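Every number here is computed from the coordinates shown, using simple stated rules; none is lab data. All of these numbers come straight from a predicted model, not from anything done at the bench. Note: ideal-geometry Cβ built from the backbone for every residue, glycine included; neighbour counts use all protein chains shown.
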């Protein structure tokens, strides 16, 4: 063995040695990893599917983790922005909407999946969020206090890029718009009720029916006797009729009791009133029903009962001013001659003596 040289032996049996070395390499790099993977229970497999959507694909663990990280980054952005806008004062009443968004907790896995479905449904409905809408959203939650410099500082401190923020806010706006438009309340709806709605909207059945005559069946049954009918009525007389129940019911529900009378229009009631009847009724009631009431006169210098006078001067004082009359040369007053119609003369003559007002003579002016 003292003269054994491995290199000499390898050169002598190099073909066999190379074949053995190749087999060992195949076992080490191909067979052994597969065996270790099988023995490890599939721990090296890809991410498992958590939820599957027929229309929008599946969500695996990696996708769900990305959704969770995105929500965490957006919440971190809200907190950084609220702190920078509030400044050293840390006013708790400033920027309430932004503080509410910053204080929101990370949604659960089910809530994240629901938001993902709502956002995809909004995109399917061709809803698009533009850059101007994202800018308006940031201005709204910051009360018009956000500047480009402050936004860049917040993005740098948060550790996200402007492109990532744009994508996160687009999804946020889409979900908010869909919730506002359709009032989606998935969390409060039981799965059984949602499944029932799906069945009613998507499952249809084609039915072929044929009309069956009743006469062949009624002829096979004999007419019931009076005793059978009476017993059947007695059994069901206190049960109300229910169209959804196979049981018969003859009980009449309580109704409203009313009292009324019927008046027929006789031909005597429809006769026209004659002119003589109209004239007689007018003559009997003309002094009480058809007579124009005299308007009270306001004597100059006395309070006006209505308290209003639309003529000036004296408006609002309750005093009626004395009208100005035209005068003749020499200071003589000229009164306009009254125009009295024959109808007015006849009306005055027909007034009874009791209603006549005495005419007072004006006192003579002392010359």
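So, by mean Cβ neighbours within 10 angstrom, what's the order for 214-226, 148-160 with the highest one leading? Could you put the intermediate results ahead of the total?
Values: 214-226: 7.8, 148-160: 14.2.
Ranking, from highest mean packing down: 148-160, 214-226.
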Using mean Cβ contacts within 10 Å as the protection proxy, how do 109-115, 273-279 order, highest first? 109-115, 273-279
With an 8 Å cut-off on Cα pairs and a minimum separation of 6 or more residues, tell me the relative contact order of segment 53-200 in percent. 30 percent
How far apart, in nanometres, would the label points at residue 8 and residue 133 be if each is projected 7 angstrom from Cα along the Cα-to-Cβ direction? 8.6 nm
Short to long, in 10 Å steps from zero, the percent of alpha-carbon pairs of segment 53-200 per bin is 9, 36, 34, 15, 5, 1
In nanometres, the difference between 0.36 nm per residue of separation and the alpha-carbon distance of residue 153 and residue 76 is 26.4 nm
Ratio of segment 116-217's C-alpha Rg to 2.2 N^0.38 Å, to two decimals? 1.93
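Against the 2.2 N^0.38 Å scaling, with N counting residues, where does segment 53-133 land? I'd like the Cα-based Rg ratio to two decimal places.
1.37
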Want the number for residue 275 to residue 28: 0.36 nm per residue separation, take away the alpha-carbon distance, what's left? 75.8 nm
Between residue 288 and residue 193, what length comes free when the chain is fully extended (0.36 nm per residue of separation minus the Cα-Cα distance, one decimal in nm)? 26.5 nm
